[in-house]
Structure formats: C-alpha cells, structure tokens
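Single-structure report; data block below.
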Amino acid sequence: TDEIMHQDIIPLYAADIQDQLKKQFAYLSGGRGGDGCPVITFPDYPAFSEIPEKEFQNVLAYLTSIP
C-alpha cells in the first residue's frame, strides 16, 4: 500500500517546517500544468539522497496543500 496516501492528514504550516523549506530541494515555481495543477520544481540539490523521508513528505505535503 502507498503509505503517503494512507496517512492521517495533519495541516502543516510553513513555520512548522521552515528549516526544511529553507533547504529549497523542492519549491513551487509559480507555473501550472495543463490541468491547472501547480508545478513543483526539484532543482539540482547535491544532498538530495540524504534528505530524510519524513522531511521530504512534510515539504511535499505542505507544497501540495497551498491553494
């Protein structure tokens, strides 16, 4: 099963994960896909493989929750 999809949804706030967001391994570029969904950009980040799973999930959950 996909663990990410089966987790309880707990609202995240930027202040709660500000240190994780400052790393900028993922961000909203401001663009939108053909279906109108926001585009999440993953720039070159040298330590990407060292990002803890929970940190990655927090940042993606936050970015996908922004209207």
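Computed with a 1.4 Å probe over protein heavy atoms only, the accessible surface of the chain comes to 78 Å² per residue.
Helix-only arithmetic for the chain: the sum of -39500 (n - 2.57) across DSSP H runs with n ≥ 4, divided by the residue total, places the mean residue ellipticity at 222 nm at -7500 deg cm²/dmol. How much FRET efficiency would the formula 1/(1 + (r/R0)^6) give for residue 45 and residue 14, where r is the Cβ-Cβ distance and R0 is 25 Å, rounded to 0.05? It comes to 0.85.
Of the GluC sites (Glu not before Pro) in segment 16-67, not one is in a loop by DSSP (not H, G, I, E or B) with at most 14 other beta carbons within 10 Å.
The values are calculated or read from the model by the stated rules, or taken from the named source; none is laboratory data. No experiment lies behind these values; they were computed from the predicted model shown. Virtual Cβ from ideal backbone geometry, glycine too; neighbours counted across all protein chains shown. Ligands, DNA and RNA are stripped out before the accessible areas are found, and what is left, the full protein with its side chains, is counted by its heavy atoms. Shrake-Rupley method; radii C 1.70, N 1.55, O 1.52, S 1.80 Å.
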